[in-house]
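Chemist: Sharing a structure here in structure tokens format.
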2 protein chains.
Amino acid sequence: MIGGGQLARMMIPAAVNLGIDIRVLAEQPGMSAELAASAVGDYHDLDTVAAFADTVDVITFDHEHVPQEILRALVARGVAVHPGPDALLYAQDKLLMRQRLTELGLPVPDWARVENPDELDAFLAEHGGRAVVKTARGGYDGKGVRVVAHKHEADDWFQALAEDANGGALLVEELVDFRRELAQVVARRPSGDIRSWPVVETVQRDGVCAEVVAPAPHSSGRLAEVAEQIARRVAEGIGVTGVLAVELFETTDDRLLINELAMRPHNSGHWSIDGSVTSQFEQHLRAVLDLPLGDTATREPWSIMVNVLGGPAQGSMSDRYAGAFAAHPSVKVHNYNKAPRPGRKIGHVTAVGADLDEVAYQARATAAFFQD
Amino acid sequence: MIGGGQLARMMIPAAVNLGIDIRVLAEQPGMSAELAASAVGDYHDLDTVAAFADTVDVITFDHEHVPQEILRALVARGVAVHPGPDALLYAQDKLLMRQRLTELGLPVPDWARVENPDELDAFLAEHGGRAVVKTARGGYDGKGVRVVAHKHEADDWFQALAEDANGGALLVEELVDFRRELAQVVARRPSGDIRSWPVVETVQRDGVCAEVVAPAPHSSGRLAEVAEQIARRVAEGIGVTGVLAVELFETTDDRLLINELAMRPHNSGHWSIDGSVTSQFEQHLRAVLDLPLGDTATREPWSIMVNVLGGPAQGSMSDRYAGAFAAHPSVKVHNYNKAPRPGRKIGHVTAVGADLDEVAYQARATAAFFQD
């Protein structure tokens, strides 16, 4: 696994259970997945990545930031890379993603490629004077995303592109009038089999996922079907291997539009560790090893995952265990061993059960122990 | 954790989830828990164990074989040792265990301490001419246990004791007329709180645990209560910290008699990884860190664990994954990364669900993929 963050960390239990020898190329010492870090180095450096690849059977990822030229060099050397560069491209570049999804006939917000303020102005004029501008590359958790009402509100980004030898453009999208955000997580193995978890509702705060409810409450069976069909068509159309998360808008006029794609285990699937027969981490391992996928049934009618964002102002998450465990003996606590810092995801908790209100209370009240 | 076997291995996922930095003193390189092995050395050597203890907050165990003098030296140095030597003594020496349980008024088979064939003969005469002889120390998985019908059938063991400078005696017990074997697993934290899982049925083959059904089928509520009370009284009477497994005989005249004790996560509790809200491994960590214990409710009405004993005649467990996973997508497979060898526990599988027959079929059929 390239990348030593919490997604690599959460892969460790699944690998240990299945007797899979997991190794991580971490960016630096002391990262969340340190236990499995067999190498430390820069994933932008081909020699580093290739030397690591020589020690494993399959390469997969904690994030989507490994450059295309590195990925393609690995494939040229005969390394099994899942997901492969042809798929990852669409998780790395939002303009290419929008273009490809549009070609595939999949539902996306109105969008355009804009190279200068005048092109942005034209889009604003056609979309009620407001729009969302995104950098094509490098954005996550609300970074690289900006709501604008004037053509000059993205000038800093246009300027940066003008100074970039690779050139490029920004993505502009209609400001979608949505009721809520959903996510559909699926896994696909190289030989084609796909399994999906139920569509979930994701609650964002300040552009960061705060809470996930699985399955998405108050959903018709038809909504769940459409969400699953969309994710399957993305996975097949793009040739994703491993876990794919499709973030969706449910619009106020009852359409589903694709917001973002992630080609790895995703925050919207963390509930599956405790709430599904097969977690997204075990499934990702099965998928990238081209093994038959596991059952994605829920263990209980409802699962709610609440992120621990920021963490305690003083001390660490585990300093709060005595109180949290005494009050909530059935809630599962996940601690990424990351230092608390405002807004940082340092852990999550998951409650499961038959009563949605009770499950929500349990999860939120437990998470509150870890945040001041 | 002292000892690098599969119990230490199965502790890793629980530790990773809770952000607990788990370190293992392994007997040799390449053991089952290698991923967490921060040291390799002999647990009979105080310097080795003390140096390891200096790197951790709490010492606990993969097995009960660490000598008393080492354990007591650690305690004298101020190391937190859970379970402590005063409790572990009764898992290390079956004669002392029988004596202590008898003092506590707990139900055990008729037993005696025998130092020579004539004493054995006297016990045989009083118990219908047949009895079980056990070495006080070192037995496990059927080793050090022998059914005898004649006073000279244990002469080799008497001879070994006579040659041992420490002297000693054998334990002889009545041959219990039992309907089935049960196990009651509980966990106790140093401050006294105890939580128990439901009593389970254990099926032995050739003296080795082959299968565990949780809860024990066809059990009255009263049986479950008595089993739990027995285990609580053992845990409190002996001062156990961490997980305690009490192996029980259910006699044909409906009594429960204590067979063996284990003071660590136990094969009869492996089902809890997939079948209980809190696994025995997470609970053991909570207990030895003196944190509030987790909910021990079952996730589904039935869980069945089947050991993979021996493994494939050729190749490894994972060579059979394609077939096993395709046929049984909901069964959880645990692979200890141990080389196959006749009779060796190299993994287990657990199925859970509402229908006992279906769960049994799923578990047994999956395990069969891994055994020729």
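The values are calculated or read from the model by the stated rules, or taken from the named source; none is laboratory data. Here the structure is a predicted model, which is why all the values come from computation and not from measurement. Quick reminder, even Gly has a Cβ in these numbers, built from the backbone with ideal geometry, and neighbours come from all protein chains shown. Remember, those area values only see protein heavy atoms, side chains included, never the ligands or the DNA or RNA. Shrake-Rupley method; radii C 1.70, N 1.55, O 1.52, S 1.80 Å.
Chemist: What number of residues in region B:317-357 are more than 8 Å from chain A (Cβ to nearest Cβ) and in contact (Cβ under 8 Å) with a residue 60 or more places away in the chain?
Modeler: Let us first name the residues in region B:317-357 that are more than 8 Å from chain A (Cβ to nearest Cβ), namely B:319-320, B:323-324, B:327-328, B:331, B:338-346, B:348-357.
Keeping just the survivors that are in contact (Cβ under 8 Å) with a residue 60 or more places away in the chain gives B:338, B:343, B:345, B:348, B:350, B:352, B:356.
Residues that pass the stated criteria total 7.
Chemist: A follow-up question, please. Starting from residues that are in a loop (DSSP other than H, G, I, E, B) and among the β-branched types (V, I, T), keep the ones in region A:1-36 and report whichever is most open to solvent (accessible area, probe 1.4 Å). Step through it out loud before you land on a result.
Modeler: Our first condition is that a residue be in a loop (DSSP other than H, G, I, E, B); within region A:1-36, this holds for A:1, A:3-5, A:19-23, A:27-33.
Next, from what is left, pick out any that are among the β-branched types (V, I, T): A:20, A:22.
Working: A:I20: 37, A:I22: 20 Å².
By that ranking, first place goes to A:I20.
Chemist: On to the next question. Hey, A:G221 hits all of (1) in contact with a strand residue (DSSP E or B) (Cβ under 9 Å, 6 or more places away or on another chain); (2) at negative phi but one; which does it fall short on?
Modeler: (1)
Chemist: Got a sec? Which of A:A39, A:A50, A:A73 is more than 14 Å from chain B (Cβ to nearest Cβ), assigned to a strand (DSSP E or B), surrounded by fewer than 20 Cβ atoms within 10 Å (Cβ to Cβ) and touching a residue at least 12 places away in the same chain (Cβ under 8 Å)?
Modeler: Criteria check complete, one pass: A:A39.
Chemist: Could you please find all residues in region A:289-309 being buried (at least 23 other Cβ atoms within 10 Å of the Cβ), within 11 Å of chain B (Cβ to nearest Cβ) and within 23 Å of B:P301 (Cβ to Cβ)?
Modeler: Residue satisfying the conditions is A:G294 alone.
Chemist: So which residues in region B:237-261 are of a type in the set (A, V, I, L, M, F, W, C) and open to solvent by less than 10 Å² (accessible area, probe 1.4 Å)?
Modeler: From region B:237-261, those of a type in the set (A, V, I, L, M, F, W, C) are B:238, B:240, B:243-246, B:248-249, B:256-258, B:261; that's our starting set.
Passing the criteria: B:V240, B:V243, B:L244, B:A245, B:V246, B:L248, B:L257, B:I258.
Chemist: Give the residue, chosen from A:Y321, A:Y336, A:Y361, that is open to solvent by 30 Å² or more (accessible area, probe 1.4 Å) and aromatic (F, W, Y). Don't jump to the end; show me each part of the working.
Modeler: Working: A:Y321 fails: open to solvent by 30 Å² or more (accessible area, probe 1.4 Å); A:Y336 fails: open to solvent by 30 Å² or more (accessible area, probe 1.4 Å).
The match here is A:Y361.
Chemist: Looking only at region A:185-225, how many residues end up being of a type in the set (D, E, K, R) and in a strand (DSSP E or B)? Steps first, answer last, please.
Modeler: Of all residues in region A:185-225, those of a type in the set (D, E, K, R) come to A:188-189, A:193, A:195, A:201, A:205-206, A:211, A:222, A:225.
Those left that are additionally in a strand (DSSP E or B): A:188, A:195, A:201, A:205, A:211.
Here the count works out to 5.
Chemist: Let me confirm something: among A:R264, A:R286, which residue is in a helix (DSSP H, G or I), basic (K, R) and surrounded by 21 or more Cβ atoms within 10 Å (Cβ to Cβ)?
Modeler: Numbers: A:R264 fails: in a helix (DSSP H, G or I).
From the options A:R264, A:R286, the qualifying one is A:R286.
Chemist: Out of the residues in region B:273-283 meeting the condition of being under 20 Å from B:V333 (Cβ atoms) and facing chain A (nearest Cβ under 10 Å), tell me which one is most open to solvent (accessible area, probe 1.4 Å). Spell out how you get there, then give the answer.
Modeler: As a first pass, look at region B:273-283 and keep what is under 20 Å from B:V333 (Cβ atoms): B:273-276, B:279-282.
Filter once more, keeping what is facing chain A (nearest Cβ under 10 Å): B:273-274, B:282.
Working: B:I273: 39, B:D274: 13, B:E282: 20 Å².
Top of the filtered list is B:I273.
Chemist: Could you grab me the full set of residues in region A:123-154 that are surrounded by 13 or more Cβ atoms within 10 Å (Cβ to Cβ), acidic (D, E) and at pLDDT 95 or above?
Modeler: Taking region A:123-154 as the starting set, the residues that turn out to be surrounded by 13 or more Cβ atoms within 10 Å (Cβ to Cβ) are A:123-124, A:127, A:131-137, A:139-142, A:144-146, A:148, A:150-151, A:153-154.
Then drop every residue that is not acidic (D, E), which leaves A:141, A:153.
Correct list: A:E153 only.
Chemist: Sticking with this one: Among what's in region B:92-103 and is open to solvent by 50 Å² or more (accessible area, probe 1.4 Å) and out of contact with any Phe, Trp or Tyr (no Cβ under 7 Å at 6 or more places or on another chain), pick the residue that is farthest from B:A131 (Cα to Cα).
Modeler: Let us first name the residues in region B:92-103 that are open to solvent by 50 Å² or more (accessible area, probe 1.4 Å), namely B:96, B:99-100, B:102-103.
Now drop any that are not out of contact with any Phe, Trp or Tyr (no Cβ under 7 Å at 6 or more places or on another chain), which leaves B:99, B:102-103.
On the way: B:Q99: 18, B:T102: 19, B:E103: 22 Å.
Once the filter is applied, the top-ranked residue is B:E103.
Chemist: Tell me the residue from B:V277, B:V333, B:V359 that is over 16 Å from the mean Cα position of the chain (by Cα), over 27 Å from B:G221 (Cβ atoms) and of a type in the set (V, I, T), please.
Modeler: None of the other options fit; the residue is B:V333.
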